[in-house]
Amino acid sequence: MNARIASVGAHVPARRMHNNELAQIVDTSDEWIYSHTGIHYRHLAAEDEAASDLAVPAARQAMERAGVGPEEIDLVLVATSTPDYVGLPSTACVVQDKLGIPAAGAMDVMAACTGFIYGLETARTYVTAGAARNVLLVGTEVYSKIVNWEDRRTCVLFGDGAGAVVVQPAADDAPSRILPALLGSRGSGADSLYRSHGGTRNQYVPGQTPEADLKLKMDGRRVYNFAVSTVVETIRRLLERNDLEFDAVDWVVPHQANERIIAAAAKRAGWDRERFYVNIAEYANTSAASIPIALNEMFEGGHLSPGRLLVTVGFGSGLTYGGNLLYW
Ligand code: UT7
């Protein structure tokens, strides 16, 4: 049995912030941010909006488009590194309850910006093993609540949003199917993108732990170099494994972290940059939500028809990396 993406949906918060507004908060400029990243805007969650609140409308849209009701979902997967609660319960349980899904397994997938790719592979394996018929996978993030708004090296890069897909069984002769993913991890780079305090390694001590240590910290250059090389290697290995040339690919849907990373990877490998779908100008880096938000935009823009060959590719904290190969 094969698995396929049956539908997609997305939701971003209403509040939209331009780079010029950020320049009033930290020492930066529209010129610097756009020229170094390709970002113009990001959408930001309201004070009372958490990851599950963004996930629910995205999930509803995907379920409606698939014609699947809450009682038909057997597994809820939420890819997030900005969960509603610290560690427990999982955001997937909150989403399951809010959607009125009666009796499904629910769990979070934590692979940071590679979370949607890991989640899609988890969904594929459940479906192809016959262990689930309708898997709801949501990538949802509110990085605005974990970035340090005094650190211009990180706060300008991220945005909030959610994207969702329903994964279902596909007939062997159907044009749509997901092929096995490539997933990887390089834990030696854990401290290049992380929140150093607040977990069980370095506990939060009231009055002692500086607030900045509870927020996201990043060694931008290290992550940049890792990202460019893993984007190239992941796509190459996925194609080689399936005896495919880059020319066969209709769209690469990369994690939207920095347009320069995408351009540098395409240039290094000699691949047509136009085949890489990029929408970072509007949303900035929404981590595990960036790929499903892009897929939703592509779907609504008429770029996806059955049988189109797509490669997703991502990288992020962990350090993690990976890619899915699928026929839409
Ligand atoms: O999902 C994965 C998440 N992370 C990533 O993908 C990030 C990967 N890394 C990157 O995308 C890039 O490294 C950045 C966009 C984060 C930074 O670009 P860069 O070209 O590597 O800049 P840099 O860190 O080498 O900094 C160059 C200069 C520095 O000034 P000095 O020391 O040369 O005087 C920074 O202080 O740019 C300065 N700078 C800024 N200036 C204005 C850093 N951030 C800003 C800013 N506005 N927002």
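Computed quantities for the displayed model
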item	result
Residues of the stretch 17-39 with amide N under 16 Å of a point placed 7 Å along Cα→Cβ from E47	none
Separation in nanometres of the label points that stand 7 Å from Cα toward Cβ, at D250 and D97	4.0
Rounded to 5, the percent of DSSP beta bridges in the stretch 186-328 classed as antiparallel	65
For the stretch 177-327: relative contact order, % (alpha-carbon pairs under 8 angstrom, 6 or more apart)	37
Efficiency of FRET between V278 and Q208 - r from beta-carbon atoms, R0 35 angstrom, step 0.05	0.25
DSSP beta bridges in the chain [antiparallel fraction, %, rounded to 5]	70
Peptide ranges 133-139, 228-234, 276-282 listed from the most packed, as the mean C-beta count within 10 angstrom indicates	133-139, 228-234, 276-282
Set of lysines with alpha-carbon distance to K145 below 16 Å, sequence-local pairs under 8 removed	K215, K217
Carbon + sulfur, % of accessible area of the chain - ligands and nucleic acids excluded, 1.4 Å	47
Residue with peak Gaussian network fluctuation, the chain [Cα springs, cutoff 10 Å], from P89, P70, P169	P89
Value at 222 nm in deg cm²/dmol, rounded to 500, when DSSP H runs of n ≥ 4 in the chain each add -39,500 (n - 2.57)	-9000 deg cm²/dmol
Heavy-atom accessible area per residue - the stretch 30-69, 1.4 Å, Å²	43
R0 of 35 Å, Cβ-Cβ distance A190-S305: FRET efficiency to nearest 0.05	0.30
Probe 1.4 Å, protein heavy atoms only - accessible area per residue of the stretch 179-328 in square angstrom	44
Estimated FRET transfer efficiency when R0 is 35 angstrom, pair W149-A269 (beta carbons, to 0.05)	0.45
Kyte-Doolittle at least 1.0, axis length at least 18 Å by Cα - qualifying DSSP helices, the chain	none
Percentage, to the nearest whole number, of Cα pairs in the chain over 32 Å apart	23
Computed over the chain: relative contact order in percent, which uses C-alpha pairs under 8 Å that are six or more apart	26
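The values are calculated or read from the model by the stated rules, or taken from the named source; none is laboratory data. On a predicted model such as this, the values are computed, not experimentally measured, just so you know. Neighbour counts run over all protein chains shown; Cβ positions are idealised from the backbone, glycine included. What goes into the accessible areas is simple: the full protein's heavy atoms, side chains included, and nothing from ligands, DNA or RNA. Shrake-Rupley method; radii C 1.70, N 1.55, O 1.52, S 1.80 Å.
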